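Any read-out appearing in this document is the output of simple, stated calculations on the displayed coordinates, not a laboratory observation. Since the model is a prediction, treat every value here as computed from it, not as a measurement. Cβ sites come from the backbone with ideal geometry, for glycine too, and all protein chains shown count toward neighbours.
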């Protein structure tokens, strides 16, 4: 599984290039509109060719990046996947209730089932450098779960990623998940 940090950088670069292309098209159009009466505008064939290139490259970018998102294969084939470990976590009164640390072996598929008893919370797993590995919204009265494969050793913290009132910022469980047995470090 590709690390979500790698995906983020790759998509940031690709989408930046795409946005620069779209901004160029807007600038080109503005130039064409303001200079058309003077005969200095861009020929319509060039304009529409550039527009078509942007459409094709935008669709291609989405198709290519679809396969780089780490959780997509797991979610697409989830009905046929059994978790190696399941952790049930309760959330109530602005507090995660779990026996930390949750021990995970490398390449385990872990199902986090999170239940809220009162409010909508967030459930995010964060690396030691405070970057987010994944997150989901936890809605009371609904099934809230995420299936994740861990590919790097590390100790992860759990944080609420949704606003749930003034106490919500305190919802942090340090050293909540410990992954061992991988050759790479998080």
- Task: Mind pulling the angle between the C-alpha long axis of helix 44-66 and the longest principal axis of the chain? Nearest 10 degrees, somewhere in 0 to 90.
- Result: 10
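Using Cα pairs closer than 8 Å and at least 6 residues apart in sequence, work out the relative contact order for segment 38-170, in percent.
Dividing the mean separation by the residue count of segment 38-170 yields 21 percent.
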- Estimated 222 nm signal from helices in the chain, with DSSP H stretches of n ≥ 4 weighted -39500 (n - 2.57), rounded to 500: -11000 deg cm²/dmol
- Query: If you count the DSSP beta bridges with both ends in the chain, what percent of them are antiparallel, to the nearest 5?
  - Reply: 65
- Message: How would 35, 178 line up from fewest to most surrounding beta-carbon atoms within 10 angstrom?
- Response: 35, 178
- Between the Cα axis of helix 4-35 and the main Cα principal axis of the chain, the angle (0 to 90°, nearest 10) is 20
- Query: Per residue, what volume in Å³ does the convex hull of the Cα atoms of segment 97-186 enclose?
  - Reply: 82
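Does segment 34-142 classify as rounded, prolate or oblate by the C-alpha gyration tensor (a ≥ b ≥ c root eigenvalues; a/c under 1.5 gives rounded; else a/b over b/c gives prolate, otherwise oblate)? Kindly include the intermediate steps, with their values, before the conclusion.
Working: a/c = 3.58, a/b = 2.50, b/c = 1.43.
In terms of gyration-tensor shape, prolate.
Given 20 °C and 1.002 mPa s, how large is the Stokes-Einstein diffusion coefficient of segment 4-70 in µm²/s, with Rh as the Kirkwood radius over Cα pairs?
Roughly 159 µm²/s, to the nearest whole number.
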- Note on the structure: Candidates 147, 98, 133; GNM for the chain (alpha-carbon contacts under 10 Å) flags as most fluctuating 98
